[in-house]
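Student: I'd like to ask you about the structure that follows.
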């Protein structure tokens, strides 16, 4: 049974805003930059309390990344904020050259990721950002699952020296993780013990994975659910230990299967312990305009797809 309680749906971008506000009160070196989306990124609380540490750069994302890189030279810890599409695709050259190449301590914080941006459509959605960012040497890539975990991740990355990509979203999603649980970069979390199949999920798909496991248990199939909030560096040990037990795995993510979490899992398996795998992800496509829940269902990013994939992969053992 799903032992986690949904304490109320909240958007993960608000978790980022709460974490940033807390950091503003505790760490004077934290500064924030935004590309004309202060309200959408929930950065307004930090802005009001720390106007001298907040920089509204306007619709100039490349300039924002350059300024952030420069601020690190003076010992500041800059958090940049805009939509995930504009945080990565629009400014990839600046991130590569000015941040990653020189290992600058910049925290690239990206809201409205995946297709759950919804009605704004494919030009604002992004389903390839994890792939873009995880390929950059030294870049940490984090994709938390709910409000509590996003807040904890926002605070935790301030203590990590080096570039970080923190990905979160716009829609309200179930808030179910322990608010007091310490966020450890690179450490996956087993949410449900199982012996028949491993479900490795990230972001919005973690809650669906738990619900899928609950349904499967009623049919006599016991799924182990792992929350992989850090895609790079990934927790290879927790993944391999689980798959050696279950002998089958399903990866679930709100991202293109090219370059995402699932491909990283495949690399781990091919190098260490080959086992059958199924992917719950978008299939080499752009998104479209629509309500977030409807889009998740259309593109097969839901509990039902996870259940089907688990049943399919078990037959391949």
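The values are calculated or read from the model by the stated rules, or taken from the named source; none is laboratory data. Nothing here was measured: the structure is a model prediction, and the numbers come from that model. Positions of Cβ are backbone-derived with ideal geometry, glycine not excepted, and every protein chain shown enters the neighbour counts.
Student: Just to be sure, is residue 109 part of a loop (DSSP other than H, G, I, E, B), in contact with a helix residue (DSSP H, G or I) (Cβ under 9 Å, 6 or more places away or on another chain), within 15 Å of residue 229 (Cβ to Cβ) and at pLDDT 95 or above?
Tutor: On the way: part of a loop (DSSP other than H, G, I, E, B): no; in contact with a helix residue (DSSP H, G or I) (Cβ under 9 Å, 6 or more places away or on another chain): yes; within 15 Å of residue 229 (Cβ to Cβ): yes; at pLDDT 95 or above: yes.
No; evaluated as a whole, the condition is false for this residue.
Student: Test of understanding: among 43, 47, which residue is touching a strand residue (DSSP E or B) at 6+ places or on another chain (Cβ under 8 Å) and either free of Cβ contacts under 8 Å to residues at least 24 places away in the same chain or farther than 24 Å from residue 15 by Cα (or both)? Don't jump to the end; show me each part of the working.
Tutor: Values: 43 fails: either free of Cβ contacts under 8 Å to residues at least 24 places away in the same chain or farther than 24 Å from residue 15 by Cα (or both).
Exactly one of 43, 47 is touching a strand residue (DSSP E or B) at 6+ places or on another chain (Cβ under 8 Å) and either free of Cβ contacts under 8 Å to residues at least 24 places away in the same chain or farther than 24 Å from residue 15 by Cα (or both), namely 47.
Student: Please go through (1) over 28 Å from residue 312 (Cα atoms); (2) touching a residue at least 60 places away in the same chain (Cβ under 8 Å); (3) outside the structural domain of residue 86 (by TED's automatic domain parsing) for residue 196 and return the number of the only condition it doesn't satisfy.
Tutor: Among (1) over 28 Å from residue 312 (Cα atoms); (2) touching a residue at least 60 places away in the same chain (Cβ under 8 Å); (3) outside the structural domain of residue 86 (by TED's automatic domain parsing), residue 196 violates only (1).
Condition check ((1) modelled with pLDDT of 95 or more; (2) surrounded by fewer than 23 Cβ atoms within 10 Å (Cβ to Cβ); (3) assigned to a helix (DSSP H, G or I); (4) assigned by TED's automatic domain parsing to the domain that holds residue 226) across all residues:
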| site | (1), (2), (3), (4) |
| --- | --- |
| 24 | yes, yes, yes, no |
| 45 | yes, yes, yes, no |
| 58 | yes, yes, no, no |
| 71 | yes, yes, yes, no |
| 81 | yes, no, no, no |
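Student: Could you list, ordered by first residue, the pairs with Cβ atoms under 6 Å in which the first is in segment 215-242 and assigned by TED's automatic domain parsing to the domain that holds residue 134 and within 11 Å of residue 200 (Cβ to Cβ) and the second is surrounded by fewer than 22 Cβ atoms within 10 Å (Cβ to Cβ) and at pLDDT below 95, at least 6 apart or interchain?
Tutor: From segment 215-242, no pairs qualify.
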